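S.K.: Submitted below is the structure of interest, expressed as C-alpha cells.
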Amino acid sequence: MQVDYRVIGVLMGAWLVAAGCTGKVDGQTPNCATGQKACGGQCKTVATDQENCGACGNVCAAGQTCQNGQCQCSSGLLACNGTCVSSTATHCGGCNTTCASGQVCSQNSCQTSCGAGETQCSDGACVSTTGGDALHCGGCNACPAGAACNAGVCACAVAGQMMCGSACVDVMTSAANCGGCDRPCNGTCTNGVCATTSGTGGMGGGAGGMGGSTTACAPLGAIPRRLWRLSVEQWGAAVKDLLGLTTAPQLSNRGGEAAYAFFSDATLGVDEQFQFALYQSSQMDVLPAIASKITTLAPCTGTTASAQRTCAMTFAQTLGAKAFRRPVDTTEVTNLMTVYDQGAMTDYATGVGLIVQAMITSPSFVYRTELGPTTLTADASGKYPDTTLNPYEIASQLGFLFLGSLPDAALTTAAADGSLATTNGLNAQIDRLLALPAVKANLTNIIVDWFNVRQMFDKGNKDTTLLSALASTDRDQTAITTELYQATQQFVNDVLWTSSGTMNDLITSQKVYMNKRLATLYPGATFSGGAPSSNTTFVSGTWPASQGRSGIITQPSFLWSASDPAKNSIVKRGKFIHDDVVCQDVLPPPIDLSTPQAVNVIGCKSPDGTTSLSTCDSEILQSDARMMYQPCKTCHAQMDNYARVLQNFGPIGNYRTADEAGRAIDPSVTFTVPPLAPNMAAGSTSFGQLLASSGVIKDCSVQKISSYAIGNMIRTYNTCEVNDIRAKTDGTVASLFKQVALSSILRARAGGMK
Amino acid sequence: MSSYKFKRRSFLRAAGGSAALLAPLLRSIESRAQGMAAPLRILIIHHPLGAGPGLATWRPNASATTTNFTLPAESAPFNATATPLQKYMCMIDGLNIVTNSGQNTHEGGVVAMMTGVNALGKIGQQDWSAGGASIDQLLLAQSPTLGGPTQTNKTMFGSLQLAADVRSDRDEVAPRVLSYKAPIAGSDIAQRRQPLYAETQPLNTFNRVFGGNLPTGTDPQKLLAQKLSVLDFMRKDLARMQTLIPASEKDRLTAHANAIQQLEASLRQTYGMMPNTSVCTKPTTPPTYANTSTGKQMMGDSTSVFTTYAGVDYYVSGSPNSHPHLDLGLNQLRLIKTAFACDLVRVATFMWSAGTNWVVFPGTFQGASIKGNPQSTPHHPPSHSDPSGDTQTRDWLNQINTFYSAATATALQEFATTPDIDGNMLIDNTVVVYLTEVARAWDHNQQNMPLIVFGGKNTRVKGGTFLKVTGGSMSTQTGGTGNRPFNDFWLALLPIFGVNSSVLSGASGALMSTGALSGIFS
C-alpha cells in the first residue's frame, strides 16, 4: 500500500497554520507567537532562551539561567562583581567573606573541615551530595549552561529544554535540536516540530515518512575497509551449507557476541576462547558429521596415493572457492595440500577431513572481507584510495544478508561473470533472492529479531499464577516460549509474504497464530478454520477487537520478552519502543539511580521527599512520578507513553482490564514529544495506526535494517544515507531489503592507511 | 614437604616422543629441580557489591593495631579455614577510587579499579569503555617474570580470565570484564576497548588449558602433527590477509594470531599429554553447569530491573541444599591453582560475578532475611536499600559478603596447602588480590575500598597485617580525611613483579595517585 506523504505533509502544514505557527518560507522572517521573537530566522522564546535571553543573541553566562528575559544567577549562587560564583573559601556566604588560610566554606560558614556527607572542592567549597548549586552540583562539577542544580542533580530548569551535549537546549525551537538532541531542522522548528516549505510537511528531524531535504542530515560516511567476523549463527549456517550437513554446528563460545543480538557486530574479533571453540566444534561436531560422506564430498575413483592426491587437490580448489567466497589461488591450494599430506599419512579420508577443518577454522572463512579489489595499492603517503567491494565480496554480502549464509551458486556465478558489478545485474540477483523461500524465512527471522523477541528464551521464569489458565502439567515455560516464538514467526511470515508485505501491516494486523496451548492461555481469538486442536499445529486466527491488539508489538512474545517475571515494565517496553520501533535518537545517559533524589522519585515522591503520591503500588503510578519529577522526567516523558498505551497487556502478553493493583486500566495517552506529538492514542490499536499513518514504522524499519546490513547500529534518525533509502522504499518488506541492498553504504568503503 | 626430585631421563621416557613438545613444561621443571625459585604469580579475585556500610563488619575495629587485630564477621572466614589465612593477609583500609568522569558506579568502578586510568567514555547507560590495559595485562606484558609474550620463557597460555557468573543489569561489557588489553586507535570507543571476556564454564577451561578429553587416538604425536598443520594453514591464511588490510585492522589480526598461538598450546596439552607429577596433576573433568531457575523476582520495594539472563544461581530452585554457584566458582579457582602449579599461566583474574551481581540468593540467607517479602532475588537489586532505614536487608547483604569471603577462603586454603615446585606452598609464590568495585553498594560510595592482599614467604607480602592508611588528603567513608587514591596500591604492587610503577602513574589518563603505598610489601 503506497502512502502519499504529500497529502500528509499538506495536512501537517494545515495543522501548523491552525495552531498559529506557520512554517518558515526560506528567506522570509517567520511570524512568531506571543512571547517569541524571530532570531536568526527562528522563533525563540526570549523569556527563557539561554542564547537569546530577553533579546536576540543575548547569551547567558555560566552559572546563569534565563529567567523572565534576564540572565540571572542560578539558585544558590552569589552575584559578585557581575559574575555568578559559588559560596567558597573566598566568598563564603557573601561576596566579601574570605575564610582564613586552610579553612573551607561549609554551609556558608568558614570551618576547619567539611561536614559529614560533604565533598571538599579545590576552591574550598564544601558541597553536599544532595545539594549544591549550578557550579558545584552534588559535588565539585558544574552543571551545563542553562541547567540548575536540583538537590544535587543537574537538570534543565525550563520546560521544553533538554541537555544536549554540554548545554540546555530549547528543543521546541532549536534548529539544530528540533524535538530532541541532534535533530537538525532545515525549516522552522516550532513546538519541536520541523516545518519546511517543500510541501512534504514534516516532523522535526524525526519520523513522518517525509524525505525532505538531506542538506541538514548527518552523513554516515563511507565505512572503512574492514574485516567482519561471522556471527556464531552465520558460522554454523555457513558450515552446514558448505558441507551439506543436516544441522548447523554450534559454537560453545560466542566471542563477546550478545546472546540474542539483533545483528552481527562488525567490531568483534577472534579471541583465544572463540578460536578454541571454532577448533573444538570442527573436531567434535563437523568431522564426525562428514566422516560417512567423504566419498560424496570428495569423490575419487583412484586408489593410488598419487591419484588420491589429485582428487584432493580438486576438492581443495572447489570447496575452497565456496568456503572462502572467492577463487583460491595456487599458493592457497598448495598450503591446503600440505595439510592434506599430513592427514594422508593415515588415509585419504583423514586428509580430506583436515582440509575441511583447516578451511572452516581459518580467517578466510571466519571473516567476511570488505576490502575491495585485491590489487588496491596505497599511494606514496600510505593512503589507500576509497573503493567499493569487489564482486565476490558483494556476493558474500548479499548471501549473508538475504540467506544468512554463504552466497549460493547463482550469486557466485554473477560475481565471476562480472554482472554483479553492474546495476542491472545487482537488481536481478536481489529480485531473484527475494523470491526464494529460504530468503523469506531468513528475512522473517531478521524482522522478528528486530523486536528482540528471542530474549523471551531467557525469561522462562514468569510468575506461575499468570499461567493458571493452563493445567499445572502444561506450564513448561521453555515449551511455551518456544511456541510463542514459532507463532510469531508464522505471524510475521504471513504479514510479510502472504498478506500485504508492508511494515504498516506488521504494526496493525489483528492476525495471530496459535496452537492449542496458546489458545488456552490467550483466549478470545477466533479461528475461521476451527480452533487449534493440538500443540504441534499452529492455526491462523484473529484477535478480538475488544482487546485492541495491533501487530507485532501486541504479540504475546514481544510483550513477554519486555516484561518482568510478575509484572509489566513500562521502562523496558517504553525504552525499547522509543529506541527501536520509533527510532528516536538515544536519550541522555540516565542519572545515578541510587542518588537520594532518584530513589525518592522511584518511590513516587518528589525529589526532596516532601511530597508523595498516595500510593506507589503499580507501574502506572510509578510512571506518573517519573514523568512528573526530575531527575527522571527528562527521559521518561519521552518514553513512558509508548508503554503506557500497552498497559492492557500483562507480563506474559495476556489481555487485562485491571492492573497489578486492581485498578482499571486507561491506556489512552497523548504524546507530548516528537515524532507523534501532539497526537493522542486511545489504546494500542490507535497507537499502531498512528505508527503506520505517520510513516514512523516505515522510517524506523529502514534505519534498523540498514543497521543490520552494515553491522553497526545507526543511532541518529536523520542520517543522510538512511534518508535516501527511505525515499526509495514503498513500505513493503521486499522494497525495504532491496533498497538497503542497493544503497551505497553497503558497497562504498573508505581506503584507509597502510 | 621434601624437595622435589626429578630425573630428566625418566620424564623423557614417560613422555615418549611428546617430550620435545613439552619443552616449556620440561624446562621449568628442570630448572626447579636444580633448586631455582618458583615463579611468582598474580591472581586477582573480584567479589561484588562492596562490604557492609560503615565497614564495621569488614575491617578491624578502632582498637586494632597493625599486627594485632581481629577480623569481624565479613572477613572472619579468612581465618576460619583449617589453615588460618590471616598470616598471609595484608588488609588495607583507606583507599578511594577517584575518577574524573563520574564513574562511581558498579560498572564504572570495575573499569576504573582494574585499569587505573580514565575511561574513554560511556556507551549507553553505564557501559564504561576501558581507557587502558588492566593491571593483570600490564603485568603480563611488562614483567620479566610472568611469562608474558615478550619473554624468552613464555608460559603456554599467558593469562587466564575466568568467572563464576557474568550476568549484569544490562548487556554491558563494563561490569562483567576484569581484564583488558590496551585500547586500539580509533574514534569509536566501543571499538577501541579490548575486553578479555571471562570463561564461565570450568569444562571449557579444562578443555582449553588442560587438553580436555578430546580423542587422542593411539598415536597422539601423529595426531598432533596433523592438527598443527591445520594451524600452519591458518597462519599462512592470516599472513595473506595481513597484506590486504588497512592499518585499522592490524590489531584485530594480531589478536587473532595470538589466539592461534593459544590454540596451539591447547593442542599440545591435548596430544602431548600432560605429565602427572606430585606438583602438576591433570585435573579431573569438571561438570557442566546448567542454568538454574532464576526464582521469583522480589516484590514491593525492588527497583526496576532491566534484563534477566538465565545462569547458575546460588541454589537450584527446589533443591535448597544445592550450591552450584559456589561449586562452579571453586572449580574455576582450582583450575587456576593447577594452571599455576603446572606453570601454564602465571597471571589470572577471577570474578565471582559481575559488578552488578545477578546471581539469585534465597530471600532468607544464612539467618538474615530481606525486609518485607523475602523471596529469592538476584543479589544486586536489593543492595540499593538505604541501610539506615532497612537493617534487615543490610544484614542479608552482609551475609552474602560473608559467603563470598568464605568461598574465597576455601579456595585460598588450597593454595596454602598445595605444594609448589620449590618445596614451598603455592601461596608462598602467589600474590592474591581480593577486591570489589564499590565500597558501599547502596549509594556506590567508593571510599575505603575493601581490599586484601594475600601472599606467602616469597611474595614479600607482609602477612598478618592490618594497614590503616593515614596521612592522605582524601575523605574517608565515615568522615574526616586521611585516605589515599586506589592507584597508590597498584604502584606498590607493580615493582614486586619487576615493573616500574611509572608504567601506570605516567599512563595516558592515569587516575590520581600520590605514590606507592608502603607497608604492604617488605
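S.K.: What's the magnitude of the charge dipole for chain B around its Cα centre, counting Lys and Arg as +1 and Asp and Glu as -1 at the beta-carbon? Answer in Debye, nearest 20.
M.R.: Using Cβ point charges on Lys, Arg, Asp and Glu, chain B gives about 1740 debye.
S.K.: Would you list which lysines come within 21 Å of residue A:698, measuring only between C-alpha atoms, while excluding same-chain residues fewer than 8 positions from it?
M.R.: Reachable lysines: A:440, A:511, A:575, A:728, A:738.
S.K.: Of B:226, B:205, B:121, which is farthest on the positive side of the dipole of region B:106-226, counting Cα position, with +1 on Lys and Arg Cβ, -1 on Asp and Glu Cβ, and the Cα centre as origin?
M.R.: Of the options given, the answer is B:226.
S.K.: Next question, about the same structure. With each pseudo-label sitting 7 Å past Cα toward Cβ, what's the residue B:518-residue A:56 distance in nm, one decimal?
M.R.: About 6.8 nm, to one decimal.
S.K.: What FRET efficiency would be calculated for the residue pair residue A:668, residue A:410, taking the C-beta separation as r and a Förster radius of 60 Å, to the nearest 0.05?
M.R.: Computed FRET efficiency for residue A:668 and residue A:410 comes out at 0.70.
S.K.: Another question about this same structure. Please give the length that would be gained between residue A:37 and residue A:329 if that part of the chain were fully extended, namely 0.36 nm times their separation in residues minus their C-alpha to C-alpha distance (nm, one decimal).
M.R.: Length gained, residue A:37 through residue A:329: 98.1 nm.
S.K.: Rounded to whole Hz and in sequence order, give me ³J(HN,Hα) for region A:313-318 from the Karplus expression 6.51 cos²θ - 1.76 cosθ + 1.60, θ = phi - 60°, writing x for Gly and Pro.
M.R.: 5, 4, 4, 4, 5, 6
S.K.: Right, another one. Order of B:282, A:567 from fewest to most other C-beta atoms within 10 Å?
M.R.: Neighbour counts put them in this order, fewest first: B:282, A:567.
S.K.: By per-residue mean of other Cβ atoms within 10 Å, what is the highest-first order of B:364-376, A:298-310?
M.R.: Most protected by this proxy first, the peptides run B:364-376, A:298-310.
S.K.: Across region B:496-509, in residue order, what do the Karplus-derived ³J(HN,Hα) couplings come to in whole Hz, using 6.51 cos²θ - 1.76 cosθ + 1.60 with θ = phi - 60° and x for Gly and Pro?
M.R.: Listing the rounded values in order: 4, 9, x, 10, 5, 5, 5, 4, 9, 5, x, 5, 4, x Hz.
S.K.: Need the list of aspartates and glutamates near residue B:282 for cross-linking: C-alpha distance under 14 angstrom, and skip anything on the same chain fewer than eight residues off.
M.R.: List returned: B:343.
S.K.: Let me ask another. What FRET efficiency do you get for residue A:83 and residue A:612 if R0 is 41 Å and r is their Cβ-Cβ distance, rounded to the nearest 0.05?
M.R.: With a Förster radius of 41 Å, E is 0.60.
S.K.: Okay, next question. Efficiency by 1/(1 + (r/R0)^6): what FRET value for residue B:185 and residue A:526, r their Cβ-Cβ distance, R0 = 51 Å, to the nearest 0.05?
M.R.: So the FRET efficiency works out to roughly 0.25.
S.K.: Return the long-range amide H neighbours of residue B:179 (sequence gap of 5 or more, or a different chain), with a cut-off of under 5 Å between placed amide H atoms.
M.R.: Amide H neighbours of residue B:179: B:196.
S.K.: What is the spin-label model distance, in nm, from residue B:153 to residue A:381 if the labels are put 7 Å beyond Cα along the C-beta direction?
M.R.: Spacing of the two 7 Å Cα→Cβ label points: 5.0 nm.
S.K.: To the nearest 20 debye, what is the magnitude of the charge dipole of the protein assembly as shown about its Cα centre, counting +1 on the Cβ of each Lys and Arg and -1 on the Cβ of each Asp and Glu?
M.R.: Computed charge dipole of the protein assembly as shown: roughly 2320 debye.
S.K.: Now, a different point. Taking 0.36 nm per intervening residue step and subtracting the Cα-Cα distance, what contour gain separates residue A:441 from residue A:141 on full extension?
M.R.: 102.7 nm
S.K.: Find how much the distance from residue A:537 to residue A:98 grows on full extension, using 0.36 nm per residue of separation minus their present alpha carbon separation; answer in nm with one decimal.
M.R.: So the chain would gain 149.8 nm between residue A:537 and residue A:98.
S.K.: Then there's this: For residue B:451, what residues show an amide H to amide H distance below 5 Å, using hydrogens built from the backbone and excluding near sequence neighbours?
M.R.: So residue B:451 has HN proximity to B:92.
S.K.: Can you list the residues, at least 5 places off or on another chain, whose amide H is less than 5 Å from the amide H of residue B:351, using H built in the peptide plane?
M.R.: B:46, B:162, B:163, B:164
S.K.: Arrange A:341, A:49, A:666 by Cβ neighbour counts within 10 Å, fewest through most, would you?
M.R.: Going from sparsest to densest Cβ surroundings: A:666, A:341, A:49.
S.K.: What distance in nm separates the two pseudo spin-label positions at residue B:247 and residue A:307, each 7 Å out from Cα along the beta-carbon direction?
M.R.: Reported label-point gap for residue B:247 and residue A:307 is 5.6 nm.
S.K.: Looking at the protein assembly as shown only, what percent of DSSP beta bridges run antiparallel? Nearest 5 please.
M.R.: Taking every DSSP beta bridge within the protein assembly as shown, about 70 percent pair in antiparallel fashion.
S.K.: Is there a quick way to get the dipole size of region A:604-754? I mean about its Cα centre, with the Cβ of Lys and Arg at +1 and of Asp and Glu at -1; what is the value in debye to the nearest 20?
M.R.: 820 debye
S.K.: Ok, one more. Take the alpha-carbon centre of region A:448-502, take the same for region B:323-366, and report the distance between them in whole Å.
M.R.: After rounding, the separation between the Cα centres reads 35 Å.
S.K.: Then there's this: Kindly provide the helix-only [θ] at 222 nm of chain B, computed as the sum of -39,500 (n - 2.57) over DSSP H runs of four or more divided by all residues, to the nearest 500 deg cm²/dmol?
M.R.: That calculation yields -9000 deg cm²/dmol at 222 nm.
S.K.: What order do you get for A:267, B:481 when you list them from fewest to most C-beta neighbours inside 10 Å?
M.R.: Sorted ascending by nearby Cβ count, the order is B:481, A:267.
S.K.: Which of A:500, A:512, A:471 sits closest to the plus end of the dipole of region A:448-525, meaning its Cα is farthest towards the positive end, when Lys and Arg get +1 and Asp and Glu get -1 on the C-beta?
M.R.: Ranked along the dipole, the leading option is A:471.
S.K.: Every cysteine in chain B with no other Cys Cβ under 4.7 Å from its Cβ, please list them in numeric order.
M.R.: Lone cysteines by the Cβ rule: B:90.
S.K.: Now for a separate question. HN-Hα J couplings of region B:420-433 from phi, Karplus 6.51/-1.76/1.60, θ = phi - 60°, integer Hz, Gly and Pro as x?
M.R.: In residue order, the calculated couplings are 9, 6, 9, x, 7, 9, 4, 5, 5, 10, 10, 8, 10, 10 Hz.
Every number in this text was worked out from the coordinates using simple rules, so none of it is lab data. Values in this document were obtained by computation on a predicted structure and should not be read as measured data. Counting neighbours? That spans all protein chains shown, and the Cβs are built from the backbone with ideal geometry, glycine included.
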